[in-house]
Amino acid sequence: MREPDPKPFDPVVSPLFVNAIHEELRRYDGERMGEERACPNCGSGASRKNGYQNERKTVARLVTADGPEQVGVEVQQYQCTDCGRSFQGDLSELFYEGCAYAKPVVDLCRFHAADQSASGCERTLRRQYGLLVTRETIARYHDRFDEPPEPYTIDIGGYDYSLPFLSFLFSPDDDGDPHFVIQRSTAIW
Ligand SMILES: [Zn+2]
């Protein structure tokens, strides 16, 4: 007997809109990231590139009609030529330290968790954006930051959407740099 799919693709707005969100996020898939930085062990600035991490770092998990889909970036590894430690390049452009998803997704969780329960927020992310984030992760993001999330809301099909998130995705600047989010997240740090 077939198991029921626990994460159906059941958007509350046009699936075309959700697919457009997915398409913008997929642009990150396989992108190479990780600027050179000082060795976290000894502080030395002398290092050499040391290949890419085996597993991609997750940007987002998409809920599609074909099931869950991971979007992830390739992470440049370095090896310190003084102490020998291997470490990841600088990912702060797109990721908060210690968060499983990219900044725009983390901020999106915080945006909706500000006035919803974590499980309500999980449902909102799935049905309005086609994104998969567990309620436990959402609750963690909600508790972690002191600054309130950007409150700007836009109505699409009668649903509240995060304006910063959509601006991040659909900004006409297509150089691939998440400049919009970077400018705003400086306020958080
Ligand atoms: Zn070192």
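Values quoted throughout were computed directly from the atomic coordinates according to the rules given, and no laboratory measurement underlies them. Please read these numbers as outputs of a predicted model, since none were measured by experiment. Quick reminder, even Gly has a Cβ in these numbers, built from the backbone with ideal geometry, and neighbours come from all protein chains shown.
Here are the numbers for this structure:
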quantity	calculated
P(r) tail fraction, the stretch 25-97 - alpha-carbon pairs more than 15 Å apart, %	56
Cβ-isolated cysteines (cut-off 4.7 Å), the chain	Cys99, Cys109, Cys121
Which of Val105, Val63 has the fewest Cβ neighbours within 10 Å, and the rest in rising order	Val63, Val105
Computed helical MRE - 222 nm, the chain, DSSP H runs ≥ 4 contributing -39500 (n - 2.57), nearest 500	-8500 deg cm²/dmol
Over the chain, relative contact order from alpha-carbon pairs under 8 Å, at least 6 apart, %	21
Long-range amide H partners of Tyr96 with built H, under 5 Å	Lys103
Pairs of alpha carbons in the chain whose separation is greater than 20 Å (percent)	58
In nm, spacing of pseudo-spin labels at Asn41 and Cys83 (7 Å Cα→C-beta vector)	0.7
Exposed-loop-free span, longest in the chain, where GluC sites (Glu not before Pro) count as exposed if DSSP calls them loop and at most 12 other C-beta atoms lie within 10 Å	98-189
